[in-house]
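Here the structure is laid out as structure tokens; the discussion comes afterwards.
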Amino acid sequence: MTAQTAGAKTRTSAPLKVDLDTDQLITQGAHFLGVTKKELVADAVRMYVEHRREEIRQGMADSMRVLDGTTKARVALLTGISAEDIDRLGGIDEER
């Protein structure tokens, strides 16, 4: 057991909350496909993520480019204010 998993509880499932219309679609889809709701949702999420893999990769790459370890980068990411605007507004003291 690693230090990372030592304190973690093992979960076999987690609740997923969806609106009533979505639940009805899941229920009907699962029924007519002959699978459980859990199986339908798992397959649907896998397919959705695979279909949008490039968008996910791009978002991760964009975040990594923005986060260079500086306080200014973290503030820019969290607030949506560009690093240039932060500097224009007085900057951030990175020494603290």
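The values are calculated or read from the model by the stated rules, or taken from the named source; none is laboratory data. Computed from a predicted structure; not experimentally measured. Here the Cβ positions follow ideal geometry from the backbone for every residue, glycine too, while neighbour counts run over all protein chains shown.
The table below gives the values:
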{"quantity": "The stretch 9-34, residues that are aliphatic (A, V, I, L, M), more than 14 Å from residue 45 (Cβ to Cβ) and loosely packed, with under 10 Cβ neighbours inside 10 Å", "calculated": "20"}
{"quantity": "Search result, residues across the stretch 72-96 that are in a loop (DSSP other than H, G, I, E, B), modelled with pLDDT under 90 and surrounded by 12 or more Cβ atoms within 10 Å (Cβ to Cβ)", "calculated": "92"}
{"quantity": "Given (1) within 30 Å of residue 94 (Cα to Cα); (2) acidic (Asp, Glu); (3) outside any loop (DSSP other than H, G, I, E, B), number of the condition residue 68 does not satisfy", "calculated": "(3)"}
{"quantity": "The stretch 43-71 residues that are surrounded by 10 or more Cβ atoms within 10 Å (Cβ to Cβ), paired with ones that are assigned to a loop (DSSP other than H, G, I, E, B) and of a type outside the set (Ser, Thr, Tyr) (beta carbon under 7 Å, 6 or more apart)", "calculated": "70/94; 71/92; 71/94"}
